[in-house]
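*Asks:* To start, I am sharing the structure in question, which I have written as structure tokens.
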Amino acid sequence: MNSDEGRDTKSGMQFQDELFAKTLQSERLRAKLLAGAGCVLSAAFLAAYYLVDSEFTQLLRSTTSHTWIMGLSMGLVLYELAIVTILGRFIQHRKHSPTPVRYLNSFIETSMPSVAIIVTR
């Protein structure tokens, strides 16, 4: 192996590491935004539930759906905050997140709307 090949391999690895670090940073920002949106939506739901008197809120008050909706949304907010913390540690230690963990995270985040629909029926 000549010196050019070694340099190309080293610069390729640096590029891969930088790309992954930027990806983790953008994922962390996305998780923060999702947690914030979840808090805002939960606050709006609570305000509508207690302050607005409509057929919708009367229907919610007659069932336990509101409890499930709030529990699920707060659980998702806590999950996203945990993801923010975990990604921050990966970024700080300049480590890659394991592939199975990324798949599990994707599965959880894409399954939440389906779980919400099933639970509140």
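*Asks:* Looking at the structure I just gave you, is Ser73 among the polar types (S, T, N, Q), over 13 Å from the mean Cα position of the chain (by Cα), part of a helix (DSSP H, G or I) and over 18 Å from Gln25 (Cβ atoms)?
*Replies:* The answer is no for Ser73.
*Asks:* Can I ask one more? Give me the pairs, please: first residue somewhere in segment 33-55 and surrounded by fewer than 15 Cβ atoms within 10 Å (Cβ to Cβ), second residue anywhere and modelled with pLDDT of 80 or more and not aliphatic (A, V, I, L, M), beta-carbon distance under 7 Å, and either six or more positions apart or on two chains.
*Replies:* Close Cβ pairs (under 7 Å, with a partner that is modelled with pLDDT of 80 or more and not aliphatic (A, V, I, L, M)) amount to Leu41/Ser73.
*Asks:* Then there's this: Identify, please: which residue in segment 30-66 is touching a Ser or Thr at 6+ places or on another chain (Cβ under 8 Å) and among the hydroxyl-bearing types (Ser, Thr, Tyr) and is, among those, nearest to Ile86 (Cα to Cα)?
*Replies:* My answer is Ser42.
*Asks:* Here's a check for you: in segment 81-100, which residue that is β-branched (Val, Ile, Thr) and surrounded by 13 or more Cβ atoms within 10 Å (Cβ to Cβ) is nearest to Leu33 (Cα to Cα)?
*Replies:* Val84
*Asks:* Looking only at segment 56-102, how many residues end up being hydrophobic (A, V, I, L, M, F, W, C) and within 30 Å of Glu18 (Cα to Cα)?
*Replies:* The number of residues fulfilling the criteria is 12.
The values are calculated or read from the model by the stated rules, or taken from the named source; none is laboratory data. Since we're looking at a predicted model, the values are computed, not measured. Cβ atoms come from the backbone with ideal geometry, glycine included; neighbour counts cover every protein chain shown.
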